Amino acid sequence: MDERLREILGEEDAWVVGGAVRDELLDRPVLDLDVACAEPRDAANRFAGRHGGSVFPLSERHGAWRVVVDGAAETVDFTPVGEGIDADLATRDFTFNAIAVHVRSGAVHDPHDGRADLEAGVIRAVSEAIFVDDPLRLLRAVRFEGELGFRMDARTEALLRASTALVTRPAGERVLAELERLSASGYRRLDEVGLLEPLGGRLDERLDALDDSDFRLVAVFGESLGRLPISNELKRYAAALRRARRPDDPSPRTIHRFRRATEPWALDALAFVGAPELAGVVEAARRADPPEPLVRGDELGLEPGPAIGRILGAIDEERAAGTISTREEALALARELAEGGASS
């Protein structure tokens, strides 16, 4: 039992519940704590005051409070025990998350036989209503299968399959957080149980091309990825992969054009277009990138406008292709291109 909790809650009827207990029993790292107690706000403030951390409300509706511990990647959530620990555990999702350890005594309370399911590698619903109560649990069930190497029992899987239409109800941020933790096999399992299509995804042959969560999101959701609240960085990444075209050859000019369209994600883009064998060529081109351009836009003697960007791009390409290598050659090419543009 965490001694920090015993210091502030040792005289109260408080319990550590949920994932922390599960992970402790599985000998997995325990990163976050979930504590059920009588006065969550007071407990959170006392914990932060004693051990350092920032306190903020996690759920005003449920009276839950969170402490983000100073200098550690750890959170401690304090939730109201309400009508008692049995009532609390009855609202949990799966039996292995419905185990509680008393803060003061260390006694284990396991009314739903969660420890037996941990030993058997089974994901079992606590009640018939778990997916209706919180449809995000549909995705959590599949994620737990992959992360823990467990499998849903027949009843739980039947409940899940009967509830697939609910999968779009949770907030997009919560859905995205679950999807980001899925492996390629996790996506295949989502498809198998009928959860992938309602979310706008489909299995893609590129799913296994790169072991990266963002790559899998792009491969599975394509244009539909925009329906999720993804970051601007992920939007740029997805756009780069989706506009990539397989290089026709490994020539310096072709590789330069490919990189211009896809950097800084050119290697991922190669995997996306099915050309991972060109990774070495791209890496060599990166190493050969010159530290400085041959000329800058304000050195061309042209009026500001989009033509400057096009000319500089052409100079960079010819340099990469090996047709020019000096400032004089670059300026000569710029004049040629500017005159050609003016006469057209």
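The values are calculated or read from the model by the stated rules, or taken from the named source; none is laboratory data. All values reported here derive from a predicted model rather than from experimental measurement. Because the Cβ atoms are built from the backbone with ideal geometry, glycine has one as well, and the counts that use them run over all protein chains shown. Heads up: the accessible areas ignore ligands, DNA and RNA and are worked out on the full protein's heavy atoms, side chains in. Shrake-Rupley method; radii C 1.70, N 1.55, O 1.52, S 1.80 Å.
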Consider Thr79 carefully, then state whether it is under 18 Å from Val16 (Cα atoms), modelled with pLDDT under 95, crowded, with 21+ Cβ neighbours inside 10 Å and not charged (D, E, K, R).
yes
Kindly indicate which of Arg140, Arg155, Arg188, Arg115 is out of contact with any helix residue (DSSP H, G or I) (no Cβ under 9 Å at 6 or more places or on another chain), under 18 Å from Thr91 (Cα atoms) and among the basic types (Lys, Arg).
Arg155
Quick one: what pairs do we get from region 129-157, first residue touching a residue at least 24 places away in the same chain (Cβ under 8 Å) and more than 17 Å from Leu190 (Cβ to Cβ), second part of a loop (DSSP other than H, G, I, E, B) and open to solvent by less than 40 Å² (accessible area, probe 1.4 Å), C-beta under 6 Å, 6+ apart or different chains?
Ile130/Asp93
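Table: residues versus (1) farther than 28 Å from Ala120 by Cβ; (2) modelled with pLDDT of 90 or more; (3) within 25 Å of the chain's Cα centre (by Cα); (4) crowded, with 21+ Cβ neighbours inside 10 Å.
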position: Leu31; (1), (2), (3), (4): no, no, yes, no
position: Ala44; (1), (2), (3), (4): yes, yes, no, yes
position: Ser54; (1), (2), (3), (4): yes, yes, yes, no
position: Val67; (1), (2), (3), (4): yes, yes, yes, yes
Going by the structure shown, is Leu203 hydrophobic (A, V, I, L, M, F, W, C), open to solvent by 50 Å² or more (accessible area, probe 1.4 Å), in a loop (DSSP other than H, G, I, E, B) and more than 27 Å from Leu118 (Cα to Cα)?
yes
Working only within region 206-232, note down all residues that are of a type outside the set (Ser, Thr, Tyr), part of a loop (DSSP other than H, G, I, E, B) and either exposed (fewer than 13 other Cβ atoms within 10 Å of the Cβ) or touching a residue at least 60 places away in the same chain (Cβ under 8 Å) (or both).
Arg206, Ala209, Leu210, Asp211, Pro229
Being among the hydrophobic types (A, V, I, L, M, F, W, C), within 24 Å of Ala44 (Cα to Cα) and surrounded by fewer than 20 Cβ atoms within 10 Å (Cβ to Cβ) is the filter here, so list the residues in region 102-123 that pass it.
Ala107, Val108
Among the residues of region 183-200, which ones are open to solvent by 10 Å² or more (accessible area, probe 1.4 Å) and in contact (Cβ under 8 Å) with a residue 24 or more places away in the chain?
Ser183, Ala184, Ser185, Arg189, Gly194, Pro198, Leu199, Gly200
Going through region 124-136 one residue at a time, which ones are surrounded by 15 or more Cβ atoms within 10 Å (Cβ to Cβ) and either touching a His at 6+ places or on another chain (Cβ under 7 Å) or hydrophobic (A, V, I, L, M, F, W, C) (or both)?
Ala125, Val126, Ile130, Phe131, Leu136
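Per-residue answers, yes or no, for (1) hydrophobic (A, V, I, L, M, F, W, C); (2) open to solvent by less than 50 Å² (accessible area, probe 1.4 Å); (3) within 29 Å of Pro250 (Cβ to Cβ):
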residue	(1), (2), (3)
Gly297	no, yes, no
Leu302	yes, no, no
Ala314	yes, yes, yes
Ala321	yes, yes, yes
Arg327	no, no, yes
Ala332	yes, yes, yes
Leu337	yes, no, yes
Residues of region 171-196 being over 18 Å from Phe215 (Cα atoms) and hydrophobic (A, V, I, L, M, F, W, C), which ones?
Ala171, Val193, Leu195
Out of region 141-156, which residues are of a type in the set (Asp, Glu), in a helix (DSSP H, G or I) and surrounded by fewer than 18 Cβ atoms within 10 Å (Cβ to Cβ)?
Glu147
Residues of region 243-270 being over 19 Å from the mean Cα position of the chain (by Cα) and of a type in the set (D, E, K, R), which ones?
Arg243, Arg245, Arg246, Asp248, Asp249, Arg253, Arg257, Arg259, Arg260, Glu263
Would you check if Leu166 is surrounded by 18 or more Cβ atoms within 10 Å (Cβ to Cβ), touching a residue at least 24 places away in the same chain (Cβ under 8 Å), outside any loop (DSSP other than H, G, I, E, B) and among the hydrophobic types (A, V, I, L, M, F, W, C)?
yes
